[in-house]
Amino acid sequence: MYLGVDYYPEQWDINMIDEDMERMKDMGVNIIRIGEFAWHLMESTEGQYDFSFFDMVIDKAKKHDFKIMFGTPTATFPAWLAKKHPSILSADELGHIRVFGGRRQYCYNSSIYRDYTKKIVKKLVDNYKDEKSLIAWQIDNEFGHEGSDICYCEQCHLNFQEFLKSKYGEINNLNEAYGTIFWGQTYNDFTEIPTPKPTITTHNPSLRLDFARFRSHSINEYGKMQIDLVNNLKGSHQKVTHNFYGGFFEKAYDQNIMSGSLDFVSYDNYPVWGGLSEPLKPAHIAMTHDYIRGLKNKNYWVVEEIMGAQGHDVIGYLPRPNQAKMWAYQAMAHGCENLLFFRWRGMTRGAEQFCFGIIDHDNENGRKFQEAQSFMKDIINYEDIIKSEIESEVAVIYDYDNIWSWNFQKQSYEFDFTNELVRLYTPFYNLNTNIDVINTNKDFFKYKVLIVPVMQIIDDRLAQRFEEFVEKGGTIVFSFRTGIKDPNNNIYFGDIFPCRVRKIAGIEVKETESLQRDQRIEILGMGSYDGVKGKCEVWRDLVIPKEARALYRYNDKFYKDNACITENEYGKGKVYYIGGGIDTYTLNNISKKIAIDNNIRYTEAPEGLEVYTRDYNKEEWLFINNHTSEEIIFRGKAIEAYGSKIIKRKIV
Ligand SMILES: [Zn+2]
C-alpha cells in the first residue's frame, strides 16, 4: 500500500529537504508526488531542459525508500511560452483571453500547445524512464477543472465546425437533426455555425449539446495524446494515471473516456473547499468515491486527500479534529487503495497560501501531523481487505449527454443534476448497502437494482436494455422527466412520456410543472402507505397510472387524482417512477422495501454513522465512520465524534 504526501520541494529553501523527508518518514510516508507544476524549473528558457533539481529530489527520496509519482507539468506552462505564443491561451464565453497567471488556462485545441506539450513530456519521461523509484506518471492535473473545460477561442470555433462536419457529413443532416427551420437558423455551410457564446434569448438545444460533446472530446483528445506519448516512452514498471476532481457532473468532460486509457484512476478528495460553510453531506462524499471507482470498475488512488482547510481567496469550514482523517478512512472503505495527503506543508507565497496541508506555516508537527500519522500506521494493517474487489447489488446509472442537456436547460430554477442524483442515492446509502455509480455504457445486468435519476435522454437501444433488465427480474427506479428526449436533445414526437420506457413503467405523463423556491407540494401515501404524508419539490410529473399502482398521490385540488410515485410489475421485475423531488423520509421507506424485496444486503445503523461492508477471505469487514460531532453507540461499541473503526462482522 502506498501512503504519502504531495510535496513541492521547489517552493522551499532546499536546505529543508532532508528534515522534511525525515519527518515524512516518521509520519509513515512511502511515496511522494512531485513535479506537476514545475515546467519552468525544467525548461526555464525554450529548449534548455534541466532536470537536475528533480534528480537531486529523487536521490534524496530514495535514501528514505520513498517511491515517486511524477506529474507532467502541463497544467502550468512557463511565461515565456505565453509571451511567444499568445494563441495557446484559452478564451472565456465572452471571448476574453485568459491571460498568463492562474493555471490551466491553455486551449486543448492549440496545435502549438500540443507541440510544446510533446516536447517537454518527451524529455521528461525519457529522462526518468529507467528510474526504478518512479512508479507512476500523473498526466497534467485535474483536466477541465475551474472552468478550463470551456474555451471559445477562434481555434476551438474552427475545430467545432470540423467536429460537426465529420459527425453529420452533409449540412442538411445537421439542419434536420437540430431543427434549424425554427427561427430561420438553417445553415448553408458548416463555416456558418457559431459556438454558443451569449446571444439574445438562447441557442439551439442540439447545438449546445454538440458543443458540450465537442468540449469533452477536446479534453479527451489532448489527454490521450499525452497518455500515448508517456506509454510509448516510459519504463515497463511505471504506470499512468490522472487525478480527477469532485464536481464532475458540472463540467463538459466525460472522464469515462480518458479512464479507459489509464492504468488506474486517481481522485482529489476535498469534501469541503473554498467558502463552503459546511462539508458536503456524507452521502454526497460517498457518491463521489463510488463514481470514481465506477470509471474503470476498479479500485483507485486518492492522490490529494484533504487535511487542512482549503481556499484560494476565501477559506471555508475547518475540518474538525479527526474529521479529515475520517474522510481518509471513508475513501479506503469505498475502494481507494493508495492515498496521498494534500499537501505536505501550506505554502506562504503564491495563490494557494490558504490551502493548508499537514504542516502549517509554523512548520511544527501539530494535530494534523498526528492524525495523518495515526491513519497511516493503522490503515496499513488492512491492506489485503482494502485491495479486495467491491461487489455491489445496486447501481446508479448516469449519462453525460443527459447531464449536459440538463445543465443548460434546467427547466426549473431549483434543478441541480447532482442534487437529484444524490437524492436517489442517499436512501440506499442510508441503508449502508454497497452502490456502484456507472455510466449507461457499462454492463448493468449483474445488478439487482438500477437507480436512474432524471434520465431525460433515452434512445431505443438503452430503452431496450432497461426492458430486458426488468423482464429478467431486475428493479429500476426512474425519477421525473424520464425519457422525454432523443439523442439530438429533441423531444419525442407522437409518443406519450416517458416514451420509450412508458411500457415498463406502466404509466403516462401528460402534464408536468416546475416547482418554485420554497414550494413544497404535499403528497399522500396510498395502499400500504395509507396515512403517510410526504413532500415534493423542484418538479412534479402528474403521473397517470396505467398498469402501474400508485403509491403516493398529490394532495391538491386540481391534481389529487394524479400519482406522484408508482410501482409497476413487468416481466419478472419491477419499475418505480418517482415523479418529483421527493423528501428523504419517503424515499427511505420505499428504498428499504426495494432492498428487502430484492434480498439486498444492508446494515441498519444510527443516522450519521456510515457502515461499509467489504468482503475478504469469506469474512465481512465493516468500515465504520462517524460523520457526526457526537459519539454514537453501534452494536455496543462507542464510535467517538468523527471516529473511524474497522471491525470484523460477528456472524450471529
Ligand atoms: Zn480554444
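The values are calculated or read from the model by the stated rules, or taken from the named source; none is laboratory data. Please read these numbers as outputs of a predicted model, since none were measured by experiment. Don't worry about glycine lacking a Cβ; one is built from the backbone with ideal geometry, like all the others, and counts go over all protein chains shown. These area figures cover heavy atoms from the full protein model, side chains too; ligands, DNA and RNA do not enter into them. Shrake-Rupley method; radii C 1.70, N 1.55, O 1.52, S 1.80 Å.
The sole residue among GLU607, GLU620 that is free of Cβ contacts under 8 Å to residues at least 40 places away in the same chain and within 30 Å of the chain's Cα centre (by Cα) is GLU620. Take the conditions (1) more than 16 Å from ASN562 (Cβ to Cβ); (2) open to solvent by 30 Å² or more (accessible area, probe 1.4 Å); ILE504 misses just one of them, which is (2).
The residues in region 392-427 that are more than 15 Å from the chain's Cα centre (by Cα), hydroxyl-bearing (Ser, Thr, Tyr) and in a helix (DSSP H, G or I) can be counted, and the count is 2. Hey, could you check region 177-235 for residues that are in contact with a Leu (Cβ under 8 Å, 6 or more places away or on another chain) and of a type in the set (Val, Ile, Thr) and say which is nearest to ARG114 (Cα to Cα)? Among residues in region 177-235 that are in contact with a Leu (Cβ under 8 Å, 6 or more places away or on another chain) and of a type in the set (Val, Ile, Thr), the one nearest to ARG114 (Cα to Cα) is ILE227.
Can you name every residue in region 62-80 that is under 32 Å from the mean Cα position of the chain (by Cα) and outside any loop (DSSP other than H, G, I, E, B)?
Narrowing region 62-80 to residues under 32 Å from the mean Cα position of the chain (by Cα): 66-79.
Listed by number, the residues that qualify are LYS67, ILE68, MET69, PHE70, GLY71, ALA79.
A search for C-beta distances below 6 Å between a residue of region 105-118 that is near the ligand (Cβ under 9 Å from one of its atoms) and any residue that is aliphatic (A, V, I, L, M) and part of a helix (DSSP H, G or I), counting only pairs 6+ apart in sequence or on different chains, returns TYR106/ILE88; TYR108/ILE219; SER110/ILE88.
Per-residue answers, yes or no, for (1) in contact with a Leu (Cβ under 6 Å, 6 or more places away or on another chain); (2) of a type in the set (Asp, Glu); (3) surrounded by fewer than 24 Cβ atoms within 10 Å (Cβ to Cβ):
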residue	(1), (2), (3)
GLY534	no, no, no
LYS546	no, no, yes
ASP556	no, yes, yes
THR566	no, no, no
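Residue pairs whose Cβ atoms lie under 9 Å apart, separated by 6 or more positions or on different chains, with the first residue in region 82-97 and more than 19 Å from GLY144 (Cα to Cα) and the second near the ligand (Cβ under 10 Å from one of its atoms) and part of a loop (DSSP other than H, G, I, E, B), are HIS85/SER110.
Let's see how each residue does on (1) open to solvent by less than 70 Å² (accessible area, probe 1.4 Å); (2) away from the ligand (no atom under 14 Å from the Cβ); (3) in contact with a Ser or Thr (Cβ under 7 Å, 6 or more places away or on another chain):
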{"site": "GLY147", "(1), (2), (3)": "yes, no, no"}
{"site": "TYR152", "(1), (2), (3)": "yes, no, yes"}
{"site": "PHE163", "(1), (2), (3)": "yes, no, no"}
{"site": "GLU170", "(1), (2), (3)": "no, yes, no"}
{"site": "GLU176", "(1), (2), (3)": "no, yes, no"}
{"site": "GLN185", "(1), (2), (3)": "yes, yes, no"}
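Would you call ASP518 exposed (fewer than 14 other Cβ atoms within 10 Å of the Cβ), out of contact with any Gly (no Cβ under 6 Å at 6 or more places or on another chain), within 25 Å of GLU414 (Cα to Cα) and without any contact (Cβ under 8 Å) to a residue 40 or more places away in the chain? Judged against the criteria, ASP518 is a match.
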